[in-house]
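First the structure, in the form of structure tokens, and then the observations on it.
Derivation of every value follows stated rules applied to the coordinates shown; laboratory data play no part. The shown structure was predicted, so the numbers you read here are calculated from the model rather than taken from an experiment.
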Amino acid sequence: MVGNTSANASVRTQINWKVIFVQILVFAFLCINTMMILTFFTRAYFYTKMRYILFATSLLSDCLMLIVTNVLLILTVSPIPMPLSLCLFFFVVSSVYGFVTPVTLTAMTLERYVAICMPLRHAQLCSKLRALWCIFIIHGISSVPCVLILLSFFAPATQNLLKKIHICAVQRFTTRTWQIDLRFGISQTYFLIMCIVIMFCYAKIMKVAKAASGDNKKSSRKGLRTVILHGVQLLLCLTQMWCPFIEAAVLKISLVAFITVRFSNYILFYLVPRCLSPLIYGLRDDKFVLALKYYALCDFRRNKSLDLTK
């Protein structure tokens, strides 16, 4: 009895330290993203360009996704039961915005493809209006898996089900084998389509980079590196779609092992890929870095104006 109590206390201490570590990472990430989002809205130049509009969309999506998933992580550790109707809200947000980031990355890759391989049509195809329509399409595409999963869940469900108290987890909405297979099939379809788009853009940009010269060659190589980084980031983001299936299998074995796996998945496949967004489109972009330094240093003196159009 004493041995079991001591072991449980040790496990609880380890979990608490993991929670604290994750909160530090999430806080740091949100601070960096908030600074970049504020920088985006301070200059009219940024919100007239598709690449920056999509970048801001991915930052906002990442912030919302991390806040919601972090709350779910804390509720899993606690664990705090909640009505399924409240859990439904967390599921919808995490499900939709879990897809928004990879779909946005795919759209950003296509924008780079147009900029490098079709420069004369870039201004027409990647205008501000088209960027706004692109955001609506991204959210529409990202909502399809969530809608299908919820339809498959509520079709055979009873009305009293929403009033039941549960530990909030994605697994609550995929209770049957065919529902799990449906979710897995949707994830794999999205994964395949996005990988094809990334590889297509990579091949086309690489072809242009080999044929280019001078400044065009430098620009093409930078675009090629951006696509490669997008590919790595996209792979990590899409791997998170497999996490619920892994966690569901581990949950049948041990709750402690389930919590450990969820922490590892959260750091590797939720935090890490979303930390790459500021690196790829923030710190690697000369104009954005210039604006970021300008406002991070609180340089608001009127006699110094920041001109990003040059």
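So here's what we get for this one:
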read-out: Phi-based couplings in Hz for region 117-125 (Karplus 6.51, -1.76, 1.60; Gly and Pro marked x); value: 8, 9, x, 6, 9, 4, 4, 6, 7
read-out: Karplus (6.51, -1.76, 1.60) ³J(HN,Hα), θ = phi - 60°, over region 57-67, in Hz, Gly and Pro reported as x; value: 4, 5, 5, 5, 4, 5, 4, 5, 4, 5, 4
